[in-house]
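The values are calculated or read from the model by the stated rules, or taken from the named source; none is laboratory data. Not measured: the values here are computed from a predicted model. Virtual Cβ from ideal backbone geometry, glycine too; neighbours counted across all protein chains shown.
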Amino acid sequence: MTRNTCFFVLVNNKKEFVIALLDAKTMNRANSYDYIIIGAGSAGCMLAKRLTENSAKRVLLIEAGKNDNYIWIHIPVGYLYCIDNPRADWRFKTATEAGLNGRSLLYPRGRVLGGCSSINGMIYMRGQAGDYASWVKATGDDAWSWENALRRYKSFEDYHGSANQWHGKSGEWTVSKQRLRWPIMDIFRTAAVEAGIPQSDDFNQGDNFGVGYFDVSQRKGWRLNTSKAFLRDAAKRPNLTVVTEAMVNRLLIDPSSKNCYGVQYIKDGKTIEVHCTHSNTTHAVNQGEVILSAGAIGSVQILERSGIGSAAHLNKLGIPVITDLPGVGENLQDHLQLRMIYKVNGIQTLNTKANTLFGKMMIGLEYILKRSGPMSMAPSQLGAFAYSSPDQSSANLEYHVQPLSLEKFGEDLHPFNAITASVCNLRPTSRGSVHIHSTDPEEPPVIAPNYLSTDEDRKVAAEALRLTRKIIECPALKPYSPDEYKPGKQYQSDEELIKAAGDIGTTIFHPVGTCKMGRDDDPMAVLDSQLRVRGIHHLRVVDASAMPTITSGNTAAPTMMIAQRAAELLASE
């Protein structure tokens, strides 16, 4: 076998590209690594590149999904064909939610190289400065301050403008302007300004109050995922091995020393164990590190199957308890978007443009020739950050505005011209949970976000719906006779608006917090401020589950920033 080998294998009669990089000089220790990363998503792919920069370190990256060579991953509008598709999505569902009037939601999570960055909305958003101040307060560690986070963001950023105090240049992660504009979006922006929301050209300077077009994670009209940005370069290095279609069953932990010394996974029906360097036995001193980057849902599942979590819950499932950490799977936070739909007249939206054969042909042709137009669209183009009420300390609402409407993802666009103004509470006080109910790794967990379960969240929901109506009633939109299709004008009182929020609310795919960082005196903290699992040696969790509180915006970029912090920590040890 050559030093740097790529090969194809047949799986279920389909060619799937498998990256296998084996150093011939180290074949005798092919199941032993300095770092084992679980999950090739927004954090894992970056970590693979950063950790392999040290050529003396051998790194294994394990991914449950397939390679990201599915064409719809890379065409921006292809998220419509990736969500709820087993080719790229775990296809989770929530439990029925009282706050959503008994409904259960699809809960997309990426199961493919690139993870959620392969199926998300491509919006580049850091959150606001106050988010990071709350992390410092929760952890007691100034390393998580806005100033330090900003430095990390700039280090991996390739911004569409010049490098400046807010943005970096020449990093791996391309931040682009969108390659389309819609007149109805410009008009909505003018209406938002009329409603008191200032125009903004950059939502990434720490105070996001304003309205403008989102920056997106795209490169020349193609989706940019972390596999493309980080893993492709790292895969050329002989010290990286990537294993796809491998389901991690559990972590290997010595119960007496609490030393995490490896990982057990299942591939092609075979159970395989891999160890960290210098851990040939469970009692050996471990010089390596296992890094769990499976996301706010997946990391919980693996920890619990490994005996790390609430002792009471693990005992019910017959799982031997290694460490009693009651915070594992708790503190689930997510952004619930309220999708208000307005019919408009006298102006075209994507609904009618895409509902004719000629319109579809023109859309396809524009993308083929220019990499622009509707096929280059992020799910949401125009954004706004606003205050639900004057007593908020900073903008606590985020709008995702679209020149289209549909009943739900996966269904056809409506046959009439319409826009969707989705609004979410950026700092929900509701807290949910995720827990396994079976030791079978293929069994989905019980996901209970507990949306709209607090008085504060219900109050903000009603205020958000009223603010949207205020924007719609502004002079700029009046010539187009906007007519509220959902939830409907009949909902007026606070009680009625809360009921409407439960009817139209849906996840915006931002689960975080289920393995939160915290101080030593926080009994629900799963991690310390350096992302180390409490009570276990040589194990970290590096993904969105580490966030003590959710950031005020889309969560992909903050997850990469967390990975950058972890890489810095590991490089210094």
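Some observations on this one:
- Selection over the range 245-273 of residues that are outside any strand (DSSP E or B), of a type in the set (D, E, K, R) and more than 25 Å from the chain's Cα centre (by Cα) gives a count of 2.
- Any hit, the range 209-221, residues being closer than 30 Å to residue 54 by Cα, touching a residue at least 60 places away in the same chain (Cβ under 8 Å) and crowded, with 16+ Cβ neighbours inside 10 Å: yes
- Hits in the range 233-270 - residues which are surrounded by 16 or more Cβ atoms within 10 Å (Cβ to Cβ) and among the basic types (Lys, Arg): 237, 250, 258
- Sole exception among (1) buried (at least 22 other Cβ atoms within 10 Å of the Cβ); (2) in the same structural domain as residue 436 (by TED's automatic domain parsing) for residue 91, by number: (1)
- If only residues of the range 366-383 that are out of contact with any strand residue (DSSP E or B) (no Cβ under 6 Å at 6 or more places or on another chain) and of a type in the set (Ser, Thr, Tyr) are counted, the one that is farthest from residue 212 (Cα to Cα) is 367.
Yes/no matrix, rows are residues, columns are (1) at pLDDT 95 or above; (2) over 13 Å from residue 38 (Cβ atoms); (3) part of a loop (DSSP other than H, G, I, E, B); (4) assigned by TED's automatic domain parsing to the domain that holds residue 555:
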{"residue": "278", "(1), (2), (3), (4)": "no, yes, yes, yes"}
{"residue": "282", "(1), (2), (3), (4)": "no, yes, yes, yes"}
{"residue": "287", "(1), (2), (3), (4)": "no, yes, yes, yes"}
{"residue": "291", "(1), (2), (3), (4)": "yes, no, no, yes"}
{"residue": "298", "(1), (2), (3), (4)": "yes, no, no, yes"}
{"residue": "303", "(1), (2), (3), (4)": "yes, no, no, yes"}
{"residue": "320", "(1), (2), (3), (4)": "yes, yes, yes, yes"}
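- Matching residues, the range 67-88, being surrounded by fewer than 22 Cβ atoms within 10 Å (Cβ to Cβ), touching a residue at least 60 places away in the same chain (Cβ under 8 Å), more than 14 Å from the chain's Cα centre (by Cα) and on the phi < 0 side of the Ramachandran plot: 67, 74, 75, 77, 78, 80
- The set of residues in the range 375-411 being in a loop (DSSP other than H, G, I, E, B) and under 19 Å from residue 462 (Cβ atoms) consists of 387, 388, 389, 390, 391, 392, 395, 396.
- Options 426, 397, 406, 452: the member that is in the same structural domain as residue 197 (by TED's automatic domain parsing), surrounded by fewer than 21 Cβ atoms within 10 Å (Cβ to Cβ) and aliphatic (A, V, I, L, M): 406
- Exactly one residue among 222, 173 is under 20 Å from the mean Cα position of the chain (by Cα) and farther than 17 Å from residue 557 by Cβ, and that residue is 222.
- Filter result for the condition that a residue is of a type in the set (Val, Ile, Thr), in contact (Cβ under 8 Å) with a residue 12 or more places away in the chain and touching a strand residue (DSSP E or B) at 6+ places or on another chain (Cβ under 8 Å), over 507, 559: 507
- Boolean, residue 558 is part of a loop (DSSP other than H, G, I, E, B) and modelled with pLDDT of 95 or more: no
- Lone unmet requirement of (1) part of a helix (DSSP H, G or I); (2) basic (Lys, Arg); (3) within 20 Å of the chain's Cα centre (by Cα) for residue 360: (3)
- Residue match in the range 304-315 (condition: crowded, with 17+ Cβ neighbours inside 10 Å, hydrophobic (A, V, I, L, M, F, W, C) and within 24 Å of residue 51 (Cα to Cα)): no
- Condition check for residue 182: at pLDDT below 95 and closer than 30 Å to residue 365 by Cβ: yes
- Exactly one residue out of 107, 81 is among the hydroxyl-bearing types (Ser, Thr, Tyr), at pLDDT below 95 and either under 14 Å from residue 507 (Cβ atoms) or touching a helix residue (DSSP H, G or I) at 6+ places or on another chain (Cβ under 6 Å) (or both): that is 81.
- Neighbours by Cβ (under 6 Å, 6+ apart or cross-chain): first from the range 335-347, in contact (Cβ under 8 Å) with a residue 40 or more places away in the chain; second in a strand (DSSP E or B) and of a type in the set (Phe, Trp, Tyr): 341/485; 343/485
- Out of 152, 91, sole residue that is on the phi > 0 side of the Ramachandran plot and touching a residue at least 12 places away in the same chain (Cβ under 8 Å): 91
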